[in-house]
Amino acid sequence: MQITLDREFVRAVARAADRPAVPLASSPDQEPAGVSHRGLARRVRTLLAAYRSPDSTLHGSDRAVAAAMTHLTALRAVQSPSGLFAGGDNVQSPPDSAFTINDVCDAHVIAVSAGPELREAADVLAEIAGAASDSLRTGGVHTPNHRWELCAALARLHRSFPDDRLLDRIDAWLAEGVDIDAEGLYSERSANYAAHVSNPPCCCWPTCSTAPTCWTPSNATSPRPWTSSGRTARWRPSTRDGRTRTALPAGALPAALPAARDPHRPG
């Protein structure tokens, strides 16, 4: 199927990325004091995206790469021996670290696609992601919506660094049931968290998995309970290469699709 890009939209995205990226690239060696680990990863992703975008004023800019490396050095400095990140209200929190690793993994895809010119950045990003992988796979969460952000990080890790144990952990979280009702409300009943935390992972799982048919809406009638809300969702297992994957409840993706991801989404 041929996909036609909306060039005006792409240019608008590039301009939006340039707004934070250009000032950072103007002082590429400046230490990012007081920036959280999530802010550092977001800046790295934005700088590398601007570097790769023909519509960005930083396209091919060595200063953008240098600024990204400065921020990667700072990010690695706040990564603890567990692979989780220090700082913020929740110290060494798997879901809080998942927000950062989601951006790290997307930045890694951008860097790898550039080839040798971004190899150093790709290598550092891979080290950061690899160090966090086990803790994200085995760690817990503090709120219902954190399950889905964590699943998104595991899916992105699997995209770049395939490991069936990551898929197994996603299955375990999904087996609890996605806490969304027929009206598109999650158990936390927050439009803010729905748009910025819960919905984006629903769009990530199919695209970041090597089995794209797995996490899809089902019209089956076999019920499965939602642990968070006490309601009932309808599920259908799907299989690929002999492995069983759990599908999202009916209506989950249609309810999620209208929401856009905000780079300043809360955790």
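The values are calculated or read from the model by the stated rules, or taken from the named source; none is laboratory data. In this text, all values refer to a predicted model and were calculated from it rather than measured experimentally. No Cβ is skipped: glycine too gets one built from the backbone with ideal geometry, and neighbour counts run over all protein chains shown.
State which residue is surrounded by the fewest Cβ atoms within 10 Å (Cβ to Cβ) when the search covers only region 76-108 and only residues that are of a type in the set (A, V, I, L, M) and closer than 28 Å to PRO144 by Cβ. Don't jump to the end; show me each part of the working.
As a first pass, look at region 76-108 and keep what is of a type in the set (A, V, I, L, M): 77-78, 84, 86, 91, 98, 101, 104, 107.
From what is left, the residues that are closer than 28 Å to PRO144 by Cβ are 78, 84, 86, 91, 98, 101, 104, 107.
Numbers: VAL78: 16, LEU84: 25, ALA86: 13, VAL91: 11, ALA98: 29, ILE101: 31, VAL104: 30, ALA107: 29.
Filtering first and then ranking leaves VAL91.
With respect to LEU48, is the statement that it is touching a His at 6+ places or on another chain (Cβ under 8 Å) and part of a helix (DSSP H, G or I) true? Taking the combined requirement at face value, the residue does not satisfy it.
Residues of region 4-24 include none that is buried (at least 24 other Cβ atoms within 10 Å of the Cβ), within 15 Å of GLU127 (Cβ to Cβ) and modelled with pLDDT of 95 or more. Taken over region 140-153, the residue count meeting the criterion of being surrounded by fewer than 22 Cβ atoms within 10 Å (Cβ to Cβ) and in a helix (DSSP H, G or I) is 0. Might you let me know whether region 44-67 holds any residue that is under 18 Å from GLY130 (Cα atoms), modelled with pLDDT of 95 or more and under 22 Å from the mean Cα position of the chain (by Cα)? Yes; the residues of region 44-67 include at least one that is under 18 Å from GLY130 (Cα atoms), modelled with pLDDT of 95 or more and under 22 Å from the mean Cα position of the chain (by Cα). Annotation note: of CYS105, CYS203, the sole residue that is under 21 Å from HIS37 (Cβ atoms), under 14 Å from the mean Cα position of the chain (by Cα) and either assigned to a helix (DSSP H, G or I) or free of Cβ contacts under 8 Å to residues at least 60 places away in the same chain (or both) is CYS105. Just to be sure I understand, how many residues within region 73-95 are in contact (Cβ under 8 Å) with a residue 12 or more places away in the chain and more than 13 Å from LEU40 (Cβ to Cβ)? Residues that pass the stated criteria total 9. Just one of the listed residues (ARG19, ARG42, ARG11) is free of Cβ contacts under 8 Å to residues at least 12 places away in the same chain and part of a helix (DSSP H, G or I), and it is ARG19.
Contact map, region 142-166: residues that are closer than 14 Å to VAL109 by Cβ paired with residues that are modelled with pLDDT under 95 and assigned to a loop (DSSP other than H, G, I, E, B), Cβ distance under 9 Å, separation 6+ or inter-chain. Pairs shown: ALA155/SER209; ALA155/TRP215; LEU157/ASP163; HIS158/SER209; HIS158/THR210; ARG159/SER209; ARG159/THR210; PRO162/THR210.
Just to be sure before I move on: is ARG137 farther than 22 Å from THR46 by Cα, of a type outside the set (S, T, N, Q) and part of a helix (DSSP H, G or I) in the structure I sent? In short, yes.
Picking from residues in region 55-68 that are in contact (Cβ under 8 Å) with a residue 12 or more places away in the chain and surrounded by fewer than 17 Cβ atoms within 10 Å (Cβ to Cβ), the one that is farthest from ARG19 (Cα to Cα) is ALA66.
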